[in-house]
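Nothing in this text is a laboratory measurement; each read-out follows from the coordinates by a stated rule. Predicted model only: the values in this text are computed from it and were never measured. Counting neighbours? That spans all protein chains shown, and the Cβs are built from the backbone with ideal geometry, glycine included.
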Amino acid sequence: MKTILASQTMDVPDGVKIKVKAKMIEVEGPRGKLIRNFKHLNLDFQLIEGGKKLKVEAWFGSRKTMAAIRTAISHVQNLITGVTKGYRYKMRFVYAHFPINASITNGNKSIEIRNFLGEKKVRKVDMLDGVCIVRSEKVKDELILDGNDVELVSRSAALINQKCHVKNKDIRKFLDGIYVSERGTMAEEE
Amino acid sequence: MPFKRYVEIGRVALVNYGKDYGKLVVIVDLIDQNRALVDAPDMVRGQMNFKRLSLTDIKIDIPRIPKKKSLVAAMEAADVKNKWENSSWGRKLIVQKRRASLNDFDRFKVMLAKIKRGGAIRQELAQLRKQAAAA
């Protein structure tokens, strides 16, 4: 059945400017600017109260389009925290016998992984746009990925993880790899 | 960007299909998701699908399903007829109707008038060009 109107509103915190035009949401804040395209959704986005609130409406929506209202709002909230606090994903090396040798190259933009499980193959992973990778000084065998866009940061972390999968072995026993240990924001550290 | 003309009791709409094509009607009640009860001073109150209606900017203040007398009184009070005829949409429709009802002699007169107007515009343009060239 079609529900005539379903809508949800979210607050925009101070210090963040949101621009809405033709289902392209542009969020600007202290850490930079992020743009997200919602043209695949059948929703109306509008800023009310002079930019203090964002209202998302679905007219004559099915169950699925009504579900999309809250996910769109969650995506915008992620954009806002990305632009105010930034995202920091931490990954740990896990190895039993062969120490994973990682070197950050290309100005914090890519990582080379050697000696994974003793293999001669060198794995190179380029970070996506706007994502920086750094080897943690204080903690042994840790990588820190920083960025504004949570989609790009988490995807870079996934790329590193997937490059270090174990093949042709019992993965319950060979637990080596680089795993995401913490998903958080950059702001708390300061 | 959001919607400004809402389907509500008292919204004036234009019929864009069917027997009452071109008439201004008032929505007096909603039957279900697709149909409305619709009324106008010169027709019997009846149901109409929303797809046959084009909403206008005009809205009048009426209770649900008013009697014909009070509907007419409310339309007079809100001056729907004049508001419509002065709006750009209403004026365009009046011009379209006039053009469709011209006979051959009228069309001949329109042709002469257009030629005369074109001539006047060209003269004025020539004057302006001369001034711009001199300056």
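Filtered by the rule that a residue be outside any loop (DSSP other than H, G, I, E, B), in contact (Cβ under 8 Å) with a residue 12 or more places away in the chain, under 19 Å from A:Thr84 (Cα atoms) and of a type in the set (A, V, I, L, M), region A:3-42 gives A:Met10, A:Ile18, A:Val20, A:Ile25, A:Val27, A:Leu34. From the list B:Val72, B:Val95, the lone residue that is surrounded by 11 or more Cβ atoms within 10 Å (Cβ to Cβ) and either aliphatic (A, V, I, L, M) or in a strand (DSSP E or B) (or both) is B:Val72. Scan region B:15-46 for residues that are without any contact (Cβ under 8 Å) to a residue 60 or more places away in the chain, under 23 Å from B:Glu76 (Cα atoms) and more than 14 Å from every other protein chain (Cβ to nearest Cβ) and the total you get is 19. Out of B:Arg11, B:Arg35, B:Arg52, B:Arg5, report the one residue that is basic (Lys, Arg) and farther than 25 Å from B:Arg91 by Cα. Among B:Arg11, B:Arg35, B:Arg52, B:Arg5, only B:Arg35 is basic (Lys, Arg) and farther than 25 Å from B:Arg91 by Cα. Scan region A:104-124 for residues that are in contact with a strand residue (DSSP E or B) (Cβ under 7 Å, 6 or more places away or on another chain), more than 25 Å from A:Ile35 (Cβ to Cβ) and not aromatic (Phe, Trp, Tyr) and report the count. Residues meeting the conditions: 10. The set of residues in region A:56-67 being in a strand (DSSP E or B) and surrounded by 17 or more Cβ atoms within 10 Å (Cβ to Cβ) consists of A:Val56, A:Glu57, A:Ala58, A:Gly61. Can you work out which of the residues in region B:47-72 that are touching a Pro at 6+ places or on another chain (Cβ under 9 Å) and closer than 19 Å to B:Asn82 by Cα is nearest to the other protein chains (Cβ to nearest Cβ)? The qualifying residue nearest to the other protein chains (Cβ to nearest Cβ) is B:Leu71. Considering only residues in region A:89-99 that are touching a Ser or Thr at 6+ places or on another chain (Cβ under 9 Å) and either surrounded by fewer than 19 Cβ atoms within 10 Å (Cβ to Cβ) or among the polar types (S, T, N, Q) (or both), the one that is nearest to A:Glu182 (Cα to Cα) turns out to be A:Lys90. Going through region B:50-69 one residue at a time, which ones are surrounded by 15 or more Cβ atoms within 10 Å (Cβ to Cβ) and either assigned to a loop (DSSP other than H, G, I, E, B) or among the hydrophobic types (A, V, I, L, M, F, W, C) (or both)? Within region B:50-69, B:Phe50, B:Leu53, B:Leu55, B:Ile58, B:Ile60, B:Ile62, B:Pro66 qualify. Take the residues in region A:14-25 that are out of contact with any helix residue (DSSP H, G or I) (no Cβ under 7 Å at 6 or more places or on another chain) and over 11 Å from A:Leu47 (Cβ atoms), then tell me which one is farthest from the other protein chains (Cβ to nearest Cβ). Only one residue tops the list, namely A:Asp14.
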